[in-house]
């Protein structure tokens, strides 16, 4: 029996939503734990955002650092490598916001921007033949849930719930 890699990717991707959802539930139901759960949410979000960038390094390296068909001079591969680093740097800045400044709201905003920009950039990459359609469908589905959680927690903080 052969396994479909995207089936496993979907299963693991959906499983990766559990920490986002668990942190959100703790934040909403246990005000005394909200600060810690928010920090845990931001830390996990930063890890996952970094991972999403690393996927594009994997795409580039799996094909070798060579020009992608239709893109002059390997611009597609260079874009993949640069794009692979940008989410990790943004995630690191989000962590610094919490660790050094205690600015959970700013960290959440950075993660929201990072997750949104990542899936939009992947959509553009799909149009250029750099991202597979089945991967993009999975990414949009999961990203919508992640963004919903991050925006919800940000709004809770905005309305006065002390989260960090």
Completion exercise
The condition of being more than 13 Å from the chain's Cα centre (by Cα), at negative phi and without any contact (Cβ under 8 Å) to a residue 40 or more places away in the chain holds, among 106, 130, only for 106
Exercise for the section: Would you be able to tell me the number of residues in the range 56-94 that are modelled with pLDDT under 85, surrounded by 14 or more Cβ atoms within 10 Å (Cβ to Cβ) and assigned to a helix (DSSP H, G or I)? Expected result: 13
Fill in the blank from the handout: Among the residues of the range 95-142, the number that are surrounded by 19 or more Cβ atoms within 10 Å (Cβ to Cβ) and part of a loop (DSSP other than H, G, I, E, B) is 2
Exercise for the section: Determine whether residue 53 is touching a helix residue (DSSP H, G or I) at 6+ places or on another chain (Cβ under 7 Å), modelled with pLDDT under 90, under 22 Å from residue 149 (Cα atoms) and buried (at least 19 other Cβ atoms within 10 Å of the Cβ). Expected result: yes
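The values are calculated or read from the model by the stated rules, or taken from the named source; none is laboratory data. Source: prediction; values computed, not measured. In this analysis, Cβ positions are derived from the backbone assuming ideal geometry, glycine residues included, and neighbour counts consider all displayed protein chains.
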